[in-house]
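K.L.:
The following block contains the structure, expressed as structure tokens.
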Amino acid sequence: MIGKERFESAKEIYASYGVDVEAAMENCMKAPVALHCWQGDDVIGFDHDGPLTGGIQTTGDYPGKAKTPEQLMQDMDKAISLMPGKKKLNLHASYAVFEPGEFADRDKIEPKHFRKWVEFAKERNMGIDFNPTFFSHDKIKDGLTLSSPDEETRKFWIEHGKACVRISQYFAEETGVPCVMNIWTGDGFKDVPADRMGPRMRYKDSIEQILSEPYDRDKVKPCVESKVFGIGVEAYTAGSAEFTLSFAATHEGCLPLMDNGHYHPTEVVSDKIPALLCFFPEIALHITRPIRWDSDHVVLFDDETKEIAKEIVRCDGLNRVYMALDYFDASINRVSAWAMGFRSWQKALLSAMCMPHAQLKKLQDESRMTELMVEQEAVKTLPFGDIWNEYCRRCGVVSDKEFYGEIRKYEEEVQLKRG
């Protein structure tokens, strides 16, 4: 009864600030968050035997990595059992599952190669988001794909993108949930280029050709994602923030996707969200935790994560912002990384929903800035932990105190026996 009594007490305290905790928890349970498949196997996938390449890198060699589709799905199931709230599945094209003796290169992949993922998602009442995989492939020429001056190379990757549009339509039709299809490439140069505009004009044309593939705009939500730089492309990336934002703004139906690790260290995506929502009906996010650069650390309940969630809630954006996680850490237990990141984002969302936003906005609009500062500081110490514990209980998942015990047990009974 102690936990229940603490929750009731906390609920009363929040009510004194005008916050309906019951409504906040109910709304949080309904907000879908996409869970990225690539945390479970270090972004390797199942369509090649080579290393991870293309401006990204996973570090660490923690034991128990998933090496087959069955193991990856098993690990994802365990992670899901530890996560409160509503989930979607987020796939990369490199995770196609082929029958024995079957193979299709990326320009020839079909919906049937993702049938097992559709079955997985439908059994768990999850929608599916999708990403063409423009990395870790021998048809990347001189580090370039959609921006390549080599027409044969560019054509291959355009056809890959078109195939992914068709697969995204299939996902939406099968699950009944719109599919967010995100276009990101690591195209760029290690050192200062002699031509910055040419690659971007080719990139623009390539994306336009991809999106000429017929699709239902109510079912497929194409996005373009920017990046500052990556390993081996430190000087220049074709898909810069200005490029992708301008592309989305000038191509109807295309959404901007912001990854909060893909900006300069002094930039914050939390401030960009309300700016974009002034102009775009919908936007998309990849939520990560950058350290120094786009290192894709596990999402934690830190300040910027909280601010991102606050802006989504403040702007009444839960139905306008597609939320997805994107990180990969091979230095710790991968199932723990999945579940911890998801739980941290759920904490941020629920915390944001338990903020007296209307009262704080009123103080700002009335220029009562001293009082606003006082109130903003006061809400930081409200008993949110008791609300979070009750939320986990209602969602049927373990508390933070019990979380590691579940991970340790699964690691010993399943992951470490893989060799």
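The values are calculated or read from the model by the stated rules, or taken from the named source; none is laboratory data. All figures in this text were calculated on a predicted structure; none of them were measured in a lab. Reconstructed Cβ throughout: ideal geometry from the backbone, glycine too, with neighbour counts over all protein chains shown.
K.L.:
(1) more than 15 Å from residue 226 (Cα to Cα); (2) of a type outside the set (Asp, Glu); (3) in a loop (DSSP other than H, G, I, E, B); (4) without any contact (Cβ under 8 Å) to a residue 60 or more places away in the chain: which one isn't true of residue 262, the others all being true?
P.N.:
Failing condition for residue 262: (1).
K.L.:
How many residues are more than 15 Å from residue 392 (Cα to Cα) and part of a helix (DSSP H, G or I) if we restrict to the range 11-22?
P.N.:
Of the residues in that region, 5 qualify.
K.L.:
Among the listed residues 88, 122, which satisfies the condition of being touching a residue at least 24 places away in the same chain (Cβ under 8 Å), in a strand (DSSP E or B) and under 21 Å from residue 178 (Cβ atoms)?
P.N.:
Exactly one of 88, 122 is touching a residue at least 24 places away in the same chain (Cβ under 8 Å), in a strand (DSSP E or B) and under 21 Å from residue 178 (Cβ atoms), namely 88.
K.L.:
Please specify each residue of the range 181-226 satisfying the condition of being surrounded by fewer than 24 Cβ atoms within 10 Å (Cβ to Cβ) and of a type in the set (Ser, Thr, Tyr).
P.N.:
Matches in the range 181-226: 206, 212, 215, 226.
K.L.:
For residues in the range 7-50 being on the phi > 0 side of the Ramachandran plot and of a type in the set (Gly, Ala, Ser), which is surrounded by the most Cβ atoms within 10 Å (Cβ to Cβ)? Give the steps one after another, and end with the answer.
P.N.:
Taking the range 7-50 and keeping what is on the phi > 0 side of the Ramachandran plot, we get 18, 42-43, 45.
Okay, now just the ones that are also of a type in the set (Gly, Ala, Ser), so 18, 45.
Values: 18: 10, 45: 21.
The residue in question is 45.
K.L.:
Considering only residues of the range 399-419 that are surrounded by 17 or more Cβ atoms within 10 Å (Cβ to Cβ) and of a type outside the set (D, E, K, R), which is nearest to residue 20 (Cα to Cα)? Please lay out each step first, then the result.
P.N.:
So the first thing to find is which residues in the range 399-419 are surrounded by 17 or more Cβ atoms within 10 Å (Cβ to Cβ), and the list is 403, 406-407, 410-411, 415.
Within this subset, residues satisfying the condition of being of a type outside the set (D, E, K, R) are 403, 407, 410, 415.
Values: 403: 27, 407: 33, 410: 37, 415: 42 Å.
The extreme case among them is 403.
K.L.:
Next up: Which of the residues that make up the range 141-164 are surrounded by fewer than 23 Cβ atoms within 10 Å (Cβ to Cβ) and either in contact with a Phe, Trp or Tyr (Cβ under 7 Å, 6 or more places away or on another chain) or at pLDDT 95 or above (or both)?
P.N.:
Taking the range 141-164 as the starting set, the residues that turn out to be surrounded by fewer than 23 Cβ atoms within 10 Å (Cβ to Cβ) are 141-143, 149-156, 158-159, 162.
Those that are surrounded by fewer than 23 Cβ atoms within 10 Å (Cβ to Cβ) and either in contact with a Phe, Trp or Tyr (Cβ under 7 Å, 6 or more places away or on another chain) or at pLDDT 95 or above (or both): 149, 150, 151, 152, 153, 154, 155, 156, 158, 159, 162.
K.L.:
Which is hydroxyl-bearing (Ser, Thr, Tyr) and surrounded by 16 or more Cβ atoms within 10 Å (Cβ to Cβ), of 250, 288?
P.N.:
Being hydroxyl-bearing (Ser, Thr, Tyr) and surrounded by 16 or more Cβ atoms within 10 Å (Cβ to Cβ) holds for just one of 250, 288, which is 288.
K.L.:
Something else about it: Within the range 281-378, which helices (runs of 4 or more DSSP H) (wholly inside it) include 3 or more residues that are closer than 30 Å to residue 61 by Cα and hydrophobic (A, V, I, L, M, F, W, C)? Spell out the reasoning first.
P.N.:
Details: elements: 303-314, 334-353, 357-365, 369-378.
Output list reads 334-353.
K.L.:
Conditions: (1) modelled with pLDDT under 95; (2) touching a helix residue (DSSP H, G or I) at 6+ places or on another chain (Cβ under 7 Å). Residue 371 meets all but one. Number of the miss?
P.N.:
Of the numbered conditions (1) modelled with pLDDT under 95; (2) touching a helix residue (DSSP H, G or I) at 6+ places or on another chain (Cβ under 7 Å), the odd one out for residue 371 is (1).
K.L.:
Give me the pairs, please: first residue somewhere in the range 222-245 and over 21 Å from residue 57 (Cα atoms) and of a type in the set (Ser, Thr, Tyr), second residue anywhere and assigned to a loop (DSSP other than H, G, I, E, B) and modelled with pLDDT of 90 or more, beta-carbon distance under 7 Å, and either six or more positions apart or on two chains.
P.N.:
So the pair list comes out as 244/226.
K.L.:
Among the candidates 108, 141, 116, single out the residue that is in contact with a Ser or Thr (Cβ under 8 Å, 6 or more places away or on another chain), of a type in the set (D, E, K, R) and more than 20 Å from residue 326 (Cα to Cα).
P.N.:
Numbers: 108 fails: in contact with a Ser or Thr (Cβ under 8 Å, 6 or more places away or on another chain); 116 fails: in contact with a Ser or Thr (Cβ under 8 Å, 6 or more places away or on another chain).
Going through 108, 141, 116 in turn, the sole match is 141.
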